[in-house]
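Participant: The following block contains the structure, expressed as structure tokens.
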Amino acid sequence: MKLVILLILSCNLQAKLLDKISGVINDKVITLSELNQIDKTTHARKEISPLIYDREKYENKELLDKIFYTYIVRDKLSSLGYVVSDDAVENRIQMTEKRLGLSRNDLMKYLKTEGISFSEYFEIIRETMELNIFTSRVIAPLVSITEQEIKNTFYQMNKNNKALGFKYSLVDFYLKSELVDKDAEKNLPVILKNYRLTGNIPELYKDIESNFIESVSEENLDPELASVLKSTDEGSFSTPIRKNNYVHIFYIKQKDLKESEVYIKERQKIKNELFFKLSQKINNSWFLNEKINYFIQYH
């Protein structure tokens, strides 16, 4: 009898040694075999949930961070009263099957060819639903995207598109050329930005003048100026231009496409892309701050 017990203990010890611990978060242990299974199936996981798996190759630490992240997100949602039940997950799976015209057998065959069990698939769907809730309830309120940011992104994407014409509302700040040497010229945009905010300007430039130019079309501008303004964002200062013994810097108060329907068509897509990028940054910062509240180990 003692021999049998010793054999059992020996087998259990060997199994533990073979399946090493890769990481721990609070009372959850992640084994090397779990990480290997995720690593082998990242292609399919990316197909199932690109929200979670946006690449097809990860280092083990990156996979551990994904597991830790989903754990912390679930814990946060639970504290807010949000729990994604088994029934909710099953309903989402049935909706997906209906949308894709799949039977449960079709789904099971697909999962088998990809090396993923149904229980793994079930949890990927649950984690995706949790992440969607978390993003909308916790992250989205922290994301602020202005109309100016959307416009500027669109203009940067299309700055080489000669078919797009602009109209501007500008403030022209100008000084006599002899007051601004070539080395100091590059600092003028910063000086003028501070001047607009505080009213303070170096004594050398105290005689600066300004002129408001409202709703001027690109084709009515000097070609050099039109080129400079096209590459300058709304709400920014242009690079200096020397004309007729004066140095001019233009503040772009408003910059609009003459054919506004082109912008309207792209606006929502750009806003979504900006939201995704900014939410990713906020998400990463949130995760780093939250990690310190948990017992976490990497092995």
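Participant: Which loop-located trypsin sites (Lys or Arg not before Pro) does region 77-172 contain, where loop means any DSSP state but H, G, I, E or B and the Cβ has at most 11 other Cβ atoms within 10 Å?
Facilitator: Sparse-neighbourhood loop trypsin sites (Lys or Arg not before Pro): K162.
Participant: May I pose another question? Jot down the radius of gyration and Dmax of region 165-258, Cα atoms only, both in angstrom.
Facilitator: Expressed in Å, the Cα Rg and Dmax of region 165-258 come to 12.9, 40.
Participant: Relative to the present Cα-Cα distance, how much length would full extension add between R99 and I292 at 0.36 nm per residue of separation?
Facilitator: Here the answer is 65.4 nm.
Participant: Can I ask one more? Note down the Stokes-Einstein diffusion coefficient of the chain in µm²/s, whole number, using a Kirkwood radius over alpha carbon pairs, 20 °C, and 1.002 mPa s.
Facilitator: Estimated diffusion coefficient is 86 µm²/s.
Participant: Suppose every Lys and Arg Cβ carries +1 and every Asp and Glu Cβ carries -1, with no other charges. What dipole size does region 165-258 come out with about its Cα centre, to the nearest 20 debye?
Facilitator: So the dipole magnitude of region 165-258 works out to roughly 180 debye.
Participant: Using 7 Å Cα-to-Cβ label points, what is the D87/S231 separation (nm, one decimal)?
Facilitator: Result: 6.2 nm between the two label points.
Participant: What trypsin sites (Lys or Arg not before Pro) does region 208-264 have in DSSP loop regions with at most 11 other beta carbons within 10 Å?
Facilitator: Qualifying residues, ordered by number: none.
Participant: At 0.36 nm per residue, and after removing the present C-alpha to C-alpha distance, how many nm does the segment from K281 to V143 gain when stretched out fully?
Facilitator: Separation in residues times 0.36 nm, less the Cα-Cα distance, equals 48.7 nm.
Participant: Moving to a separate point now. State the number of lysine pairs found in region 43-122 whose Cα atoms come within less than 27 Å, restricting to pairs 8 or more positions apart or on distinct chains.
Facilitator: Lysine pairs meeting both conditions in region 43-122 amount to 17.
Participant: In nm, what is the difference between 0.36 nm times the number of residues separating K112 and L179 and their Cα-Cα distance?
Facilitator: Taking 0.36 nm per residue and subtracting the Cα distance, the gain is 16.5 nm.
Taken together, the values in this text are just the output of simple stated rules run on the coordinates, not laboratory data. Since we're looking at a predicted model, the values are computed, not measured. Virtual Cβ from ideal backbone geometry, glycine too; neighbours counted across all protein chains shown.
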